[in-house]
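Reviewing the structure listed below.
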Amino acid sequence: MSVSINTIGIVGAGQMGNGIAHVCAAAGINVMLNDMSEDRINSALATINGNMARQVAKGAMTEEQRHDALGRITAAKSFDDLSPCDLVIEAATENEEVKRNIFVALCRALPPATLLSTNTSSISITRLAAATNRPEKFIGIHFMNPVPVMQLVELIRGIATEDATFEAARNFITRLGKTFTVSEDFPAFIVNRILLPMINEAVYTLYEGVGSVESIDTAMRLGANHPMGPLQLADFIGLDTCLSVMQVLHDGLADSKYRPCPLLVKYVEAGWLGRKTKRGFYDYRGEKPVPTR
Ligand code: NAD
């Protein structure tokens, strides 16, 4: 029998962690939110508050629902605080070592029955599960950004994931009103296996001088009917995350077609990570975004 998920823990309260907290709390699930500092947790709570206020203004949520949902989210200052959770979702930085260290520490703090999952965009679920003492209770639950808006969640089993764990994850996603697809555990799964090489190619197109930032984005918006240009989308995802996914594809599939574009590497080295640092392929510090090349 699969466990019913009534309380979840989230480790990493960045763009994705705050979005996952938002949709879970809105669906009546209790949320315990953890990050490296209280400041980061508070800033995530402020973001969720603001995003829910926007939903109220648009009529997508009532003021009472917003109040109740916010009341379901509490700060977890340490992993020990996460012990009442039925499921803990890791949504920290896309770096395998960071994630493995989190899972080792989580396993020490959580009761043996707690389910574990990762929101990784690309890293092997089986390898992350191997860092835990419960690989059969471990699953990839890959939400899309922005979580309150995007309908899809990818579910990825590791080699040891039990059926009961999969069922619990599936019921949890259904309760959130989202649709899931199932992907095998190969680098970057389905969505990012297809999307990120396209974004990387857009950066090569810029790097080789085929087009400017504006030409490339306009071309793909109006020429391929994409809602956002690939460089705009890269800024939205975070250029560090984009680079990490390309590195995982390149390392995991050993095919030169996944070679990260040197210009993407340069932006990340500069700390120009996109919207979250206010500069990437566009500069977001003014009233409207201005291309940086
Ligand atoms: P982000 O940089 O916005 O947030 C990451 C957060 O993790 C930060 O707040 C950081 O302080 C925290 N963190 C780092 N180490 C930690 C630790 N040891 N303990 C607790 N917190 C820690 O990144 P994001 O865009 O939210 O991405 C998070 C995860 O979600 C990544 O694995 C990423 O690949 C995945 N993801 C991202 C997107 C996207 O479009 N950005 C989409 C789907 C999945």
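Please treat every number below as a calculation from the coordinates, not as lab data. Just so we're clear, the structure is a prediction, and the values are computed from it rather than from any experiment. All Cβ positions, even for glycine, are placed from backbone atoms using ideal geometry, and neighbour counts span all protein chains on display.
Here the peptides 155-166, 23-34 are ranked by packing, the mean other Cβ count within 10 Å, and the order with the highest first is 23-34, 155-166.
So, counting K/R as plus one and D/E as minus one, what does the shell of residues with Cβ under 13 Å around THR93 add up to? List each step's numbers first, then the result.
Details: positive: ARG40, LYS99, ARG100, LYS276; negative: ASP35, GLU90, GLU94, GLU96, GLU97, ASP240.
Residues close to THR93 contribute a combined charge of -2.
For the chain, the longest principal axis of the C-alpha atoms and the axis of helix 163-175 are separated by about 70°.
By the scheme Lys and Arg +1, Asp and Glu -1, what is the net charge of all other residues having a beta-carbon under 12 Å from that of ALA105? Mind dumping the intermediate values first?
Details: positive: LYS99, ARG100, ARG108; negative: ASP80, GLU90.
Local charge sum for ALA105: +1.
Ordering CYS107, CYS261 by the number of other Cβ atoms within 10 Å of each residue's own Cβ, fewest first, gives CYS107, CYS261. Extending each Cα 7 Å along its Cβ direction at ARG221 and GLU38, get the distance between those two points in nm, one decimal. My value for the distance between the label points is 4.3 nm.
Rounded, prolate or oblate: which fits region 193-291 when a ≥ b ≥ c are the square roots of the eigenvalues of the alpha-carbon gyration tensor, with rounded for a/c under 1.5 and prolate only if a/b beats b/c? Taking the square roots of the gyration eigenvalues as a ≥ b ≥ c, region 193-291 is oblate. Of the residues GLY223, ALA109, GLY17, the one whose Cα sits farthest towards the positive end of the charge dipole of the chain is GLY223 (charges of +1 on Lys and Arg Cβ, -1 on Asp and Glu Cβ, taken about the Cα centre).
What shape does region 7-183 have by the C-alpha gyration tensor, where a ≥ b ≥ c are the square roots of the eigenvalues, rounded means a/c under 1.5, and otherwise prolate means a/b greater than b/c and oblate the rest? Can you show the working numbers first?
On the way: a/c = 1.81, a/b = 1.42, b/c = 1.28.
It comes out prolate by the Cα gyration axes.
Only helices enter the 222 nm calculation for the chain: every DSSP H run of n ≥ 4 contributes -39,500 (n - 2.57), and dividing by all residues gives -14000 deg cm²/dmol, rounded to 500. Annotation: the antiparallel percentage among DSSP beta bridges lying fully within the chain is about 25. In this Cβ point-charge picture (+1 for Lys and Arg, -1 for Asp and Glu), the chain has a dipole of about 400 debye about its Cα centre. Comparing Cα centroids, region 53-70 and region 189-235 end up 34 angstrom apart. Inter-label distance, PHE236 to THR179: 1.8 nm, where each label sits 7 Å from its Cα along the C-beta direction.
Each label was represented as a point 7 Å from its Cα along the Cα-to-Cβ direction; for VAL98 and ASP283 these points are 2.7 nm apart.
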